[in-house]
Each structure stands twice: as C-alpha cells, then as structure tokens.
1. State the Cα centre-to-centre distance between region 164-204 and region 66-126 in whole Å.
2. Between Arg168 and Ala57, what is the spin-label point distance in nm, taking each point 7 Å from the Cα along the Cα→C-beta axis?
3. Mind giving me the nanometre distance, one decimal, between the label points for Arg96 and Val69, set 7 Å out from Cα along Cα→Cβ?
4. Relative contact order for region 131-214: what is it in percent, counting Cα pairs under 8 Å that are at least 6 residues apart?
5. Label points 7 Å out from Cα along the Cβ direction at Leu106 and Ala216: separation in nm?
Amino acid sequence: MGETRSPWGQESTPWHQFFVVKAPLCTPTSQTEWSRHVLEVLRQPLESGTVTVSRAARQSEFPARFQLVAAMNPCPCGWAGDASGRCQCSADAVQRYRMRVSGPLLDRIDLHVDVPRMAPAELRPDAAAGEHSAAVRRRVEAARAVQLERAGVLNAHLDQQGTAAHCRLAASDQALLEHAIESLQLSARAMHRILRVARTIADLADTGPIGSAHLAEALGYRGFDPRAQGAAA
Ligand SMILES: [Zn+2]
C-alpha cells in the first residue's frame, strides 16, 4: 500500500483508508499486509476516540470513535497451525510476519479469536445452523440497555473510575486476574480492558455480578502472542 495524498498535505497518513469519521466500524482486512506505521497510528484513536492532525500553522481534532475489526493470517502462507501440516514457513518467517502487529496495538484489541478452517461437513446445506442473528441481536440490545442504565455509558467507554466501580470481582477472581496479568505480562491498560470485557460477558448472560466463568472467558480472548509460532490457525 503506497502513500496517499490527504487534504492536509503531501506527507500523509492515509487516514481515510482506515475510517470515515462517522463510520462506527473499521476493518483493515489482513492487518499484517498493512505497513506497520499505518497500523500504529490507530493507537491514538483507539484509545481516545479522537484523532489530532497537526500541521505547521494549525492543529485540528476530529472525532474518531470506531470499532476495529481486523483479520490476519497465522503465517505468510496462511496454514500455520492447520491439522493438514501444509505450512512450510520457517519459525523466523512466522515470527517476522506476526511481529508486524506491535504489542501496544495488540494491547488495545480486546478480543483475539482464532478461526480454524471449517470441516467440509460443516459447509453442507443441511448442516446444523447456528444461533440466528436476530436472537443474538436481541441479547446484545438488552445488554447495551443494562449498561446504559447502570453507568450512563457502554462498558467499552467506562473510564478508570467507572471500571473500578462497575467491574468488581470476588476476591478469588481478583487473585486469578492478577496472576494472569503477571504470567501473560499484560499491561494495566489490558487489565482494565479485560475487566470491561468480563462485565460485558456477564451482561450478555444476564447474571448480575461478574463470575469466574466470565472472567476466564475474557482472559481467554487475550491469547494471541505474536512471538509464538504455529499455535493459532
Ligand atoms: Zn505458513
């Protein structure tokens, strides 16, 4: 992907390729194919919901709150971790490929989900259908309503104080979280994000307080390690 001219000058970051300010969803498909610099500039808007553009004479701030959904292959050939064993990429090649997504950017992505290849039987027309999207939508809408009533904002937008107030854990779960933060070497930012995800999982289950299973699931979404080779598919 080459440089792109922008309204602010020739030396540009191709902002408009990532988001239109009003768009709630941002999908840079196969993020390892984007230049690392372009991916890194997402860190500010992901954190603050704004983007600041500075040029010699002036500085402007634009609203940029969006939901980032990104996909990447596990290795250059795309087959690492597959049961077929087709991947012939070297460990170095896989690591170099995965390191194009930096730790600080990964830190700001709440849900890391492996999507393995589907078995042919699962693609048959008569294969069992999953839950209907309409049912999922009703559950999501109910969870959002609960969040707005409880805190006035969605869980994703809770600040540090709001997170402390509304994402409380039982003592044993707090110990589990602290142990996980230590062993996974996660940041304070990641810890707050995990708490908000656990709060959302509990809201979707409509069970009141955050339970051990909700926390464990939220921690499970932090499994991607760009330095690991071949684990994800
Ligand atoms: Zn490969």
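Taken together, the values in this text are just the output of simple stated rules run on the coordinates, not laboratory data. From a predicted model like this one, the values you see are computed outputs, not experimental measurements. All Cβ positions, even for glycine, are placed from backbone atoms using ideal geometry, and neighbour counts span all protein chains on display.
1. So the two Cα centres are separated by 25 Å.
2. It is 5.6 nm.
3. In this crude label model, Arg96 to Val69 measures out at 3.3 nm.
4. Numbers: 58 pairs, mean separation 30.1, N = 84.
Reported as a whole number, the value is 36 percent.
5. Once both label points are built, they end up 2.4 nm from each other.
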